[in-house]
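See below for the structure under consideration.
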Amino acid sequence: LSLSAQRDLIQKQVQQLEQSLCVTQTDLELLSSETGAQRDKVQKEIQDLETVLGPHSPASVSDADSSSSSDGSELVMASTVESCLQINLVYQQVVQEALDKLEILLSQNEKQQKEAESQLSGPIKEPHREAGPTSSYQLPANMFLGRFLKPYFKDKLTGLGPPANQESRDKSSRMTGCLGNRKVKVKRWESWQKTLLIHSVSRDSLRRLIQPKLSKVDYLSQKLLSAAEGAKQQLQDQITNLETEIEMLREKKEKDLIGDRYVELDWQKISNVDFEGTRDADDLRCFWQNFLHPSINKSGWSQEEVHTLKQLSRKYQERQWESIAEELGTGRTAFMCLQTFQRFASDSLKRCTWTPAEDALLKELVEKMRIGNFIPYTQMSYFMESREPAQLIYRWNNVLDPSLRKGPWTPEEDQLLLRAVSRYGEKDWWKIRMEVPGRHDGACRDSRYFDCLKADTKRGPFDKLETEL
């Protein structure tokens with residue numbers, strides 16, 4: 001642009017700024033006619049701005065043309081629009097710097113809040129604990145603190161921490177997920193958690209046995225201070241006997257301290273202190289009373305036991321499973337009896353013939369729930385009434401799988417089958433079928449290998465001796 005065009009453009013921009021700021025000559029004259037005290041105040045503000053913004057700030061530039069008296073009390077304000085704009089820019093920079101500092105302080109405050117929250121809520125990661133090899137489920141002896149018994153608290157410096165408060169437990173329960181008003185525990189029980197629960201129950205039982213004796217020792221000790229000389233010896237003997245009993249209780253093994261399956265324990269304390277709020281108190285109680293208690297029989301069910309369960313279920317009309325478990329007398333819980341009855345003894349819950357509707361539902365479930373080659377048959381059985389996971393596996397792999405091949409075997413398939421048998425042996429037919437695409441394990445084992453391909457299999461018509469045998 002030429003010099004005149006640039007001058008016109010600048011003049012136009014100045015006029016636009018004047019209109020936007022609404023600065024009139026009357027306002028400028030009123031500003032210049034302020035009292036001396038007000039001018040001193042403005043002068044002080046400008047000096048403060050120069051200190052903050054430095055010597056090269058727009059404030060110092062705007063003041064370069066202004067002069068002050070020797071005592072600094074007189075300020076000559078510029079009466080031009082450009083000077084007012086410069087002052088406005090200075091205030092904008094001061095406000096922007098204050099906002100930037102405020103943002104920094106807010107971010108630091110938020111970071112400190114998160115650090116304080118993490119320190120108050122305790123550790124999130126659970127420490128791994130190994131179960132000891134002894135049959136009495138012994139854990140390290142340093143978990144017993146104090147003279148007789150103290151709770152097992154954990155140190156923040158060692159990577160562990162105090163029990164979680166109510167807020168963090170609520171947050172943990174929300175993270176695990178909810179189904180209606182019922183909490184859904186998504187984590188399986190680890191072996192070290194089972195060992196810790198056994199230890200916690202035995203320790204709580206020990207505390208309940210020791211606490212009355214400790215209270216009595218404290219009472220007798222207070223009484224001993226004010227007792228007469230003749231009664232002191234008797235009180236001292238009682239205290240000694242109580243301390244001996246306490247030491248004998250402490251020397252008992254954990255399995256001797258565990259009482260009845262339904263004995264009332266402080267499950268809330270075990271949840272808060274030992275498990276740090278990662279397991280709900282009701283979850284601990286149910287798992288202990290229905291699975292982990294040493295009196296519960298966890299071995300496989302015998303045929304005689306299943307037969308007796310079937311008779312008892314008819315006697316009680318498939319109800320009152322607590323009474324059935326008690327009368328069965330083999331250390332099974334009511335839930336174990338109900339579960340086994342539904343899977344092996346019930347005539348009404350198991351069906352053999354598959355209907356077209358069941359086949360269609362199974363195909364739909366496989367399509368929606370399979371993950372790659374993994375098919376969650378156990379979860380799928382929840383959606384199919386009266387069908388077990390084993391039935392779903394057999395039906396899909398032997399009948400419904402669209403990749404199955406039927407008809408005569410090709411020489412290439414025979415070679416794949418023989419190569420797989422030489423690799424895995426004559427037992428792992430589940431692995432062998434994966435080497436022969438389109439053929440299920442029954443077809444590989446019975447229809448082809450043992451009947452046709454096995455080397456020592458005798459072929460041809462039966463002779464007379466074989467027929468008689």
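Leaving ligands and nucleic acids out of the surface, order 254, 468, 50 by accessible area at 1.4 Å, largest first. Intermediate values should be presented prior to the final figure.
Numbers: 254 15, 468 130, 50 60 Å².
Final ranking, largest accessible area leading: 468, 50, 254.
Report the extension gain between residue 427 and residue 105 in nm, rounded to one decimal, defined as 0.36 nm multiplied by the number of residues separating them, less their alpha carbon distance. That pair, residue 427 and residue 105, stretches by 109.0 nm at full extension. Using a probe of 1.4 Å on the protein chains alone, the accessible area found for residue 84 is around 40 Å².
In the assembled protein chains, residue 101 presents an accessible area of approximately 130 Å² (probe radius 1.4 Å).
For region 244-275 versus region 286-329, the spacing of their alpha-carbon centroids is 27 Å. On a per residue basis, the convex hull of the C-alpha atoms belonging to region 354-402 measures out at 73 Å³.
Spread over its residues, the convex hull of the C-alpha atoms of region 369-469 is 153 Å³ per residue.
With a simple spin-label model that places each label point 7 Å from the Cα along the Cα-to-Cβ direction, the separation between residue 113 and residue 17 comes to 4.1 nm. Relative to the Cα centre, the charge distribution of region 354-402, modelled as +1 at Lys and Arg Cβ and -1 at Asp and Glu Cβ, gives a dipole magnitude of about 120 debye. The largest accessible area among 447, 221 belongs to the first residue in 447, 221, and the rest follow in falling order (1.4 Å probe, all chains). Modelled spin labels at residue 219 and residue 96, positioned 7 Å past Cα toward Cβ, are 7.9 nm from each other.
Among the chymotrypsin sites (Phe, Trp or Tyr not before Pro) found in region 302-371, those both in a DSSP coil and sparsely packed, with 15 or fewer other Cβ atoms within 10 Å of their Cβ, are 316, 354.
The heavy atoms of residue 12 present about 120 square angstrom of accessible area, all protein chains included, probe 1.4 Å. Sequentially through region 441-449, phi angles give Karplus couplings (6.51, -1.76, 1.60; θ = phi - 60°) of 5, x, 5, 5, 7, 8, 5, 10, 6 Hz, Gly and Pro residues having no value and appearing as x.
Ordering 423, 250, 439 by accessible area with a probe of 1.4 Å, largest first, what comes out? Walk me through the numbers before you get to the answer.
Values: 423 170, 250 85, 439 10 Å².
Sorted descending by solvent-accessible area, the residues read 423, 250, 439.
Applying a threshold of 32 Å to the alpha-carbon distances of 44/101; 194/252; 114/255; 114/269 flags 114/255 as lying beyond it.
Please find the FRET efficiency linking residue 50 to residue 187, where r is the Cβ-Cβ separation and R0 is fixed at 56 Å, and quote it to the nearest 0.05.
E(calc), rounded to 0.05, equals 0.30.
Which chymotrypsin sites (Phe, Trp or Tyr not before Pro) does region 362-418 hold that lie in a coil by DSSP with at most 11 other beta carbons within 10 Å? Before the final figure, lay out each step's value.
Details: sites: 374, 377, 382, 383, 394, 396, 409; in loops: 382, 383, 409.
Passing both the DSSP loop test and the Cβ count: 382.
With a Förster radius of 22 Å applied to the C-beta separation of residue 359 and residue 382, the computed FRET efficiency comes to 0.80. Calculated translational diffusion coefficient of region 290-369 (4 °C, 1.567 mPa s; Stokes-Einstein with Kirkwood radius over alpha-carbon pairs) equals 90 µm²/s. In this structure, residue 447 and residue 194 have a Cβ-Cβ separation that, at R0 = 51 Å, corresponds to a calculated FRET efficiency of about 0.70.
The values are calculated or read from the model by the stated rules, or taken from the named source; none is laboratory data. Here the structure is a predicted model, which is why all the values come from computation and not from measurement. No Cβ is skipped: glycine too gets one built from the backbone with ideal geometry, and neighbour counts run over all protein chains shown. These area figures cover heavy atoms from the full protein model, side chains too; ligands, DNA and RNA do not enter into them. Shrake-Rupley method; radii C 1.70, N 1.55, O 1.52, S 1.80 Å.
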